[in-house]
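The values are calculated or read from the model by the stated rules, or taken from the named source; none is laboratory data. Worth saying up front: this structure is predicted, and the values here are computed from it rather than measured. We place every Cβ from the backbone using ideal geometry, glycine too, and count neighbours over all the protein chains shown.
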Amino acid sequence: MPQIIPVIDLMNGQVVHARRGDRQAYQLLQSSLVDGCDPHDVAQALIEATGARQVYVADIDAIRGPVTGKPAGKDGGETVARADHTTLIAELAARHPDVEWWVDGGYVDATPALALHRAAGVTPVFGTESMRSYGALRKFRNARIDTVLSLDYRRGVPLGPDWSYDPVEWPARVLAMELGRVGAEDGPALQLIRTLQSMRTDVDVIAAGGVRNREDLRALDGIGVTAVLVASALHDGRLL
């Protein structure tokens, strides 16, 4: 059966429930595993429940980027930073040194990802939705630092620049991230996963989005998927 990689979605210093990639509508987490939505408590509960060797963290504030608005009485817009989770993520990594922390920080290029890796030892996740630098993955590969590439789709439509989907540049692990299925009841995107597997047979394609139960895990196992990102089906008890 595929290895379960728990997901923690951070927004404004707390854990939220991601659903269909509609980030402005995410609500605070409600879980059968833990009371409240404190990231340390949620991480502890997920690791204890699953024995996870990897945990995936989506820094939703970083992925969404700064807020730009028009204050009353002013002609120009004002840019307001969202919550900075750098210290929190470093604390999580320090408290659980036996876990490999995969962090999607909405990285546009290699610089912020490398800074967080050096500060906290985390594995950067580059999402195609955010990437703007063609050479970001290559910089990490040349430095012999592991990365994960999230191939981001919304209802089958690839997000981000075309070159980010070039399989020649893929690292050893890629996510088949179907945002339209995240937190939904639609099941995993099996056809998308098969397509990505056929593009690079030497790359580990990890399922992300839509897993509901053990039947879905068996279906993923049947097409050779070795790991899957899961949040909702852990918190509501369907996979425990």
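Before moving on, here are some points about what is shown:
- If the condition is being of a type in the set (Ser, Thr, Tyr) and over 15 Å from the mean Cα position of the chain (by Cα), then the stretch 100-131 contributes only 111.
- The residues of the stretch 13-41 that are under 18 Å from residue 183 (Cβ atoms) and either surrounded by fewer than 15 Cβ atoms within 10 Å (Cβ to Cβ) or without any contact (Cβ under 8 Å) to a residue 40 or more places away in the chain (or both), listed by number, are 14, 15, 22, 24, 25, 26, 27, 28, 30, 32, 34, 37.
- When the residues of the stretch 90-111 are filtered to those that are touching a residue at least 40 places away in the same chain (Cβ under 8 Å) and either of a type in the set (Val, Ile, Thr) or in a helix (DSSP H, G or I) (or both), the one that is surrounded by the fewest Cβ atoms within 10 Å (Cβ to Cβ) is 95.
- When the stretch 121-144 is filtered for residues that are surrounded by fewer than 22 Cβ atoms within 10 Å (Cβ to Cβ), farther than 21 Å from residue 55 by Cα and not basic (Lys, Arg), the ones remaining, listed by number, are 133, 134, 135, 142, 143.
- Close pairs (6 angstrom Cβ cut-off, 6 or more residues apart or separate chains): farther than 16 Å from residue 101 by Cα in the stretch 124-146, crowded, with 20+ Cβ neighbours inside 10 Å and at pLDDT below 95 anywhere: 128/164; 131/164
- Number of the condition not met by residue 217 [criteria: (1) touching a residue at least 60 places away in the same chain (Cβ under 8 Å); (2) farther than 30 Å from residue 51 by Cβ; (3) not small (Gly, Ala, Ser)]: (2)
- Whichever residue in the stretch 42-87 is assigned to a loop (DSSP other than H, G, I, E, B), touching a helix residue (DSSP H, G or I) at 6+ places or on another chain (Cβ under 9 Å) and at pLDDT 95 or above and, among such residues, is surrounded by the most Cβ atoms within 10 Å (Cβ to Cβ): 85
- Flag for residue 134 being over 15 Å from the mean Cα position of the chain (by Cα) and of a type in the set (Phe, Trp, Tyr): yes
- Per the conditions (1) crowded, with 21+ Cβ neighbours inside 10 Å; (2) more than 21 Å from residue 107 (Cα to Cα), the sole criterion not satisfied by residue 190 is (1).
- Test for residue 117: is it buried (at least 18 other Cβ atoms within 10 Å of the Cβ), at pLDDT 95 or above and farther than 26 Å from residue 3 by Cα: no
- If you filter the stretch 147-192 down to residues that are β-branched (Val, Ile, Thr) and not in a loop (DSSP other than H, G, I, E, B), you find that the one that is farthest from the chain's Cα centre (by Cα) is 168.
- Residues in the stretch 129-146 that are part of a loop (DSSP other than H, G, I, E, B) and within 24 Å of residue 7 (Cβ to Cβ): 129, 130, 131, 145, 146.
- Check on residue 219, of a type in the set (Gly, Ala, Ser), at pLDDT 95 or above, over 17 Å from residue 129 (Cβ atoms) and crowded, with 24+ Cβ neighbours inside 10 Å: no
- Test result for residue 152, among the acidic types (Asp, Glu) and surrounded by 16 or more Cβ atoms within 10 Å (Cβ to Cβ): yes
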